[in-house]
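Accompanying notes for the structure given below.
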Amino acid sequence: MRRIEKIFKAIADRNRLRILKMLETRPLCVCEITDVLGIAQSSVSRHLGILREAGLVDDKKEGQWMIYSLARSSDDATRSIIAGIRRWLSDDPQVKGDRQKTRQVNREQLCPKTR
């Protein structure tokens with residue numbers, strides 16, 4: 001029961017739902033998510049930590065970036081919630097706007113590699 005509770009607490013936040021909907025489009029780094037949401041990088045990192053702890057997102061290191069994607073869980077509850085999230089909110093104007101911005105945002109331009 002604690003696992004389900006953690007998942008529902010994680011998706012009870014508007015910005016975390018927006019992040020999950022953005023990750024449907026493609027894997028993203030923190031700077032890309034920050035740019036689309038228009039909130040502080042520290043807030044985005046905190047939201048991603050909560051989503052990761054709930055098992056809703058995966059992360060992997062690619063060069064200087066930590067890339068986040070929707071979790072590929074073997075847990076039935078997590079898979080069901082992610083499937084539901086994929087169906088929900090598709091017609092929401094903010095989600096549509098986020099999706100459009102997500103397609104255009106580019107980590108190479110937002111946070112260029114340091115030499």
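Could you tell me whether the range 58-69 includes any residue that is assigned to a loop (DSSP other than H, G, I, E, B), in contact with a helix residue (DSSP H, G or I) (Cβ under 8 Å, 6 or more places away or on another chain), closer than 28 Å to CYS111 by Cβ and at pLDDT 95 or above?
So far as the range 58-69 goes, no, none of its residues is assigned to a loop (DSSP other than H, G, I, E, B), in contact with a helix residue (DSSP H, G or I) (Cβ under 8 Å, 6 or more places away or on another chain), closer than 28 Å to CYS111 by Cβ and at pLDDT 95 or above.
Going by the structure shown, is ASP35 more than 11 Å from the chain's Cα centre (by Cα) and surrounded by 13 or more Cβ atoms within 10 Å (Cβ to Cβ)? Can you show your working first?
Numbers: more than 11 Å from the chain's Cα centre (by Cα): yes; surrounded by 13 or more Cβ atoms within 10 Å (Cβ to Cβ): yes.
So ASP35 passes the test.
Just to be sure before I move on: is SER73 surrounded by fewer than 18 Cβ atoms within 10 Å (Cβ to Cβ), touching a Gly at 6+ places or on another chain (Cβ under 7 Å) and at pLDDT below 95 in the structure I sent? So that I can check it myself, show each step before the final result.
Numbers: surrounded by fewer than 18 Cβ atoms within 10 Å (Cβ to Cβ): yes; touching a Gly at 6+ places or on another chain (Cβ under 7 Å): yes; at pLDDT below 95: yes.
Yes.
List, please: which pairs have Cβ atoms under 9 Å, are six or more places apart or on different chains, and start with a residue in the range 62-90 that is closer than 11 Å to CYS29 by Cβ and end with one that is part of a helix (DSSP H, G or I) and among the β-branched types (Val, Ile, Thr)?
Close Cβ pairs satisfying both conditions: TRP65/VAL30; MET66/VAL30; TYR68/ILE19; TYR68/VAL30; TYR68/ILE33.
Does ARG103 satisfy the criteria of being under 30 Å from MET1 (Cβ atoms) and either of a type in the set (Phe, Trp, Tyr) or in contact (Cβ under 8 Å) with a residue 24 or more places away in the chain (or both)?
No; evaluated as a whole, the condition is false for this residue.
Is it true that LYS9 is touching a residue at least 12 places away in the same chain (Cβ under 8 Å) and either out of contact with any strand residue (DSSP E or B) (no Cβ under 7 Å at 6 or more places or on another chain) or surrounded by 12 or more Cβ atoms within 10 Å (Cβ to Cβ) (or both)?
It is true that LYS9 is touching a residue at least 12 places away in the same chain (Cβ under 8 Å) and either out of contact with any strand residue (DSSP E or B) (no Cβ under 7 Å at 6 or more places or on another chain) or surrounded by 12 or more Cβ atoms within 10 Å (Cβ to Cβ) (or both).
The values are calculated or read from the model by the stated rules, or taken from the named source; none is laboratory data. Every value quoted in this text rests on a predicted model; they were computed, and no experiment measured them. Positions of Cβ are backbone-derived with ideal geometry, glycine not excepted, and every protein chain shown enters the neighbour counts.
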